[in-house]
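Step one of this worksheet: look at the structure below.
The values are calculated or read from the model by the stated rules, or taken from the named source; none is laboratory data. Just so we're clear, the structure is a prediction, and the values are computed from it rather than from any experiment. Glycine also receives a Cβ, built like all others from the backbone with ideal geometry; neighbour counts cover every protein chain displayed. For accessibility, only protein heavy atoms count, side chains too; no ligands or nucleic acids. Shrake-Rupley method; radii C 1.70, N 1.55, O 1.52, S 1.80 Å.
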Amino acid sequence: MMKYFKIFLLLWTIICYIGQINGYNIDLKVAHNDIENLRRYLNTKDTSDTEVSEVFSKLLDDWKEESEKKLLLSQIVPMYLKMLESIKSTEVKDSITNLTQMLHTSNKDYFEKTDQKMKRLNEVKQMQMSDIKIQRAAVKELLRVLRDVSSLQGQQKQDFKKCKRENVRRRRGC
């Protein structure tokens, strides 16, 4: 039972997050009620003792930055759409329709471009780096990659120094 509660609590959290990012006016009361209806329905269907404690929560906790969350949610939202599509029940049809609409709109408007970038990243991972032609092209781009890495490291150092300065000012009462 806790398995479904955690899954749908996470679904509710994702819908809230999507609504905040997109400025959508998602009716969270409706979303909450629909998730509760779905949770009650699923709890009656499976009475086994084996529970899955978390599905996506740990990932969402670990990925903190907005760009990371965007990338992660571009993969999670379609999973929820598949899950909702797989539930065949007239008892919770309205709830499934409402949640699917919320997720589908967000996925289409917000996460589709990110998903395309993710697919491109997967294509890059499949490159045959032992191929001499790819090696030549990669070496030509290596300095640019190192510059980007260096600028990210420099930005992290600046952010750390800024945070440290602010903490010192707070302690001094400035």
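For the condition within 16 Å of Ile35 (Cα to Cα) and either among the hydrophobic types (A, V, I, L, M, F, W, C) or in a helix (DSSP H, G or I) (or both), what is the one hit in Lys108, Lys82?
Lys82
For segment 120-142, what are the residues that are open to solvent by 100 Å² or more (accessible area, probe 1.4 Å) and assigned to a helix (DSSP H, G or I)?
Arg120, Glu123, Lys125, Lys133, Arg136, Val139, Lys140, Glu141
Considering only segment 85-99, how many residues are outside any helix (DSSP H, G or I) and within 10 Å of Leu38 (Cβ to Cβ)?
Within segment 85-99, residues that are outside any helix (DSSP H, G or I) and within 10 Å of Leu38 (Cβ to Cβ) number 4.
In segment 114-130, how many residues are of a type outside the set (A, V, I, L, M), touching a helix residue (DSSP H, G or I) at 6+ places or on another chain (Cβ under 7 Å) and at pLDDT 85 or above?
The qualifying residues number 1.
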